[in-house]
1. Mind sorting out which of (1) 1.01; (2) 1.03; (3) 0.98 is the real Rg/Rh (Cα atoms, Kirkwood Rh) computed from the coordinates?
2. Are any of the pairs LYS30/LYS108; LYS56/LYS103; LYS102/LYS130; LYS118/LYS148 more than 23 Å apart by Cα-Cα distance, and if so, which?
3. Taking the number of other C-beta atoms within 10 Å as the exposure measure, put ASP150, ASP109 in order starting with the fewest.
4. Quick one: helix 83-106 against the long Cα principal axis of the chain, what's the angle to the nearest 10°, folded into 0 to 90?
5. How many angstrom lie between the Cα centre of the range 38-57 and the Cα centre of the range 60-78?
6. So for the range 37-150, averaging the separation of alpha carbon pairs under 8 Å that are six or more residues apart and normalising by length, what relative contact order in percent results?
7. Quickly rank 7-14, 142-149, 60-67 as a protection proxy: mean count of other C-beta atoms within 10 Å, highest first.
Amino acid sequence: MNTYTEKDAELNPLDALREEHTEMRTALNKFGNILKKISDGVSDSELNEISQYLDKDVELHFKREEDALFPVLGNYIGIETGPINVMLIEHNSCRELTGDLKKRIEGKDYKSAASAGKALIELLSEHEDKEDGILFQIAEMQLSRDEKQDIMKKMITIN
């Protein structure tokens, strides 16, 4: 996942988050390929790579949305109901599935780990599509240039 610095302050935060989605899709495809061969045996390093990616990169992406984008966009469309609320619920569902997946991997229950992983991939993929196709479109229409700069500045602090 990208690490942003002060030189990135002029970036559109929505473009930056979309780029993170592209990176996540690539990682999820790789993850899916690993899960397909899990019953044939995969290395612990491959499974550890998945766990680390989910713990570090996906969580970092969620925090950027939750702490930088959602509060500002929420001023326009609310947080307790509507699209932001749905995204927050899905973030928590992804966290729960990640915890379940990691427990199954640690317990070497690979068949159920593959099932849990597939559910997580599906949820994350659908989630990213909703953000790209709905939430970020709303944000592009609602947020001013200054608000976008403020969001990006906040995202820079979340690394």
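Every number here is computed from the coordinates shown, using simple stated rules; none is lab data. Everything quoted here is computed from the prediction, not taken from an experiment. Glycine also receives a Cβ, built like all others from the backbone with ideal geometry; neighbour counts cover every protein chain displayed.
1. From the options (1) 1.01; (2) 1.03; (3) 0.98, the structure gives (1).
2. Working: LYS30/LYS108 20 Å; LYS56/LYS103 17 Å; LYS102/LYS130 26 Å; LYS118/LYS148 34 Å.
Checking Cα-Cα distances, LYS102/LYS130; LYS118/LYS148 exceed 23 Å.
3. Result, fewest neighbours first: ASP109, ASP150.
4. Rounded to the nearest ten degrees, it is 20.
5. The range 38-57 and the range 60-78 have Cα centres separated by 29 Å.
6. Averaging sequence separation for qualifying contacts and normalising by length gives 30 percent for the range 37-150.
7. Answer by packing, highest mean first, reads 60-67, 7-14, 142-149.
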